[in-house]
Structures are given as structure tokens and as C-alpha cells.
1. Just give me the residues in segment 25-41 being modelled with pLDDT under 90 and either part of a helix (DSSP H, G or I) or charged (D, E, K, R) (or both), in sequence order.
2. For ILE18, all conditions in the list (1) in a loop (DSSP other than H, G, I, E, B); (2) exposed (fewer than 15 other Cβ atoms within 10 Å of the Cβ); (3) among the hydrophobic types (A, V, I, L, M, F, W, C); (4) within 14 Å of the chain's Cα centre (by Cα) hold save one; what is the number of the exception?
3. So in segment 38-81, with the set limited to residues that are more than 30 Å from PRO11 (Cα to Cα) and β-branched (Val, Ile, Thr), which one is surrounded by the fewest Cβ atoms within 10 Å (Cβ to Cβ)?
4. Those residues that are at pLDDT 90 or above and among the aliphatic types (A, V, I, L, M), I need them from segment 63-81; list them, please.
Amino acid sequence: MYTQTVINITPKELRGIIREELTEIINKQSLRVISKTEATKILGVSYNTIKNMIADGRIDAVRVGKKNKVTYSSLKRYLNG
């Protein structure tokens with residue numbers, strides 16, 4: 001027999017829960033991410049270039065909260081050609 005449970009939660013609370021869960025998943029998988037600004041310093045390119053590189057798939061990014069973070073592994077892969 002299946003029982004349904006209704007939970008009253010606001011969209012803001014739901015976003016917070018999802019953000020916490022994603023952060024936990026990222027930490028468990030040891031997925032190292034850096035900001036786009038940090039990536040510009042590592043690659044020596046402009047902020048817009050980093051955004052374009054993410055858009056066209058040259059480097060990978062993951063969404064953390066409201067921001068895209070660049071995966072460190074994709075930067076290493078890009079630098080190694």
C-alpha cells in the first residue's frame with residue numbers, strides 16, 4: 001500500500017535544500033571547482049573568454065547556487081591540450 005506525504009515548503013526553502021544537497025554531492029565526489037575569475041588568472045585570458053569557453057564546451061562548468069564554477073579538471077585537460 002502506498003501512502004502519500006505532503007510537505008509544505010516554500011520555493012526559497014526548497015532551493016536551499018537543493019543547494020545543500022548539491023554541495024554535499026560535490027564534496028563527496030571530490031569535484032574541485034573554482035570561480036571564473038580564478039580561471040581567468042590561471043589561463044591568462046579575459047572573463048568574457050572564460051564565459052565563451054564554457055558556452056562552446058572547451059572547459060566544463062557546474063552550477064553551484066546561482067553561479068557557474070569551472071571544474072579544475074577541465075582546466076587541466078585544456079592546458080594539457
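The values are calculated or read from the model by the stated rules, or taken from the named source; none is laboratory data. Just so it is clear, the structure is predicted and the values come from calculations on it, not from any experiment. When we count neighbours, we look across all protein chains shown, and the Cβ atoms used for this are built from the backbone with ideal geometry, even at glycine.
1. ILE25, ILE26, ASN27, LYS28, ARG32
2. Among (1) in a loop (DSSP other than H, G, I, E, B); (2) exposed (fewer than 15 other Cβ atoms within 10 Å of the Cβ); (3) among the hydrophobic types (A, V, I, L, M, F, W, C); (4) within 14 Å of the chain's Cα centre (by Cα), the lone unmet condition for ILE18 is (1).
3. Step one: filter segment 38-81 for residues more than 30 Å from PRO11 (Cα to Cα), giving 38-50, 52-53, 56-59, 72-81.
Applying the additional criterion that residues be β-branched (Val, Ile, Thr) yields 40, 42, 45, 49-50, 59.
Details: THR40: 17, ILE42: 15, VAL45: 13, THR49: 15, ILE50: 24, ILE59: 22.
Only one residue tops the list, namely VAL45.
4. Within segment 63-81, VAL70 is the sole residue that qualifies.
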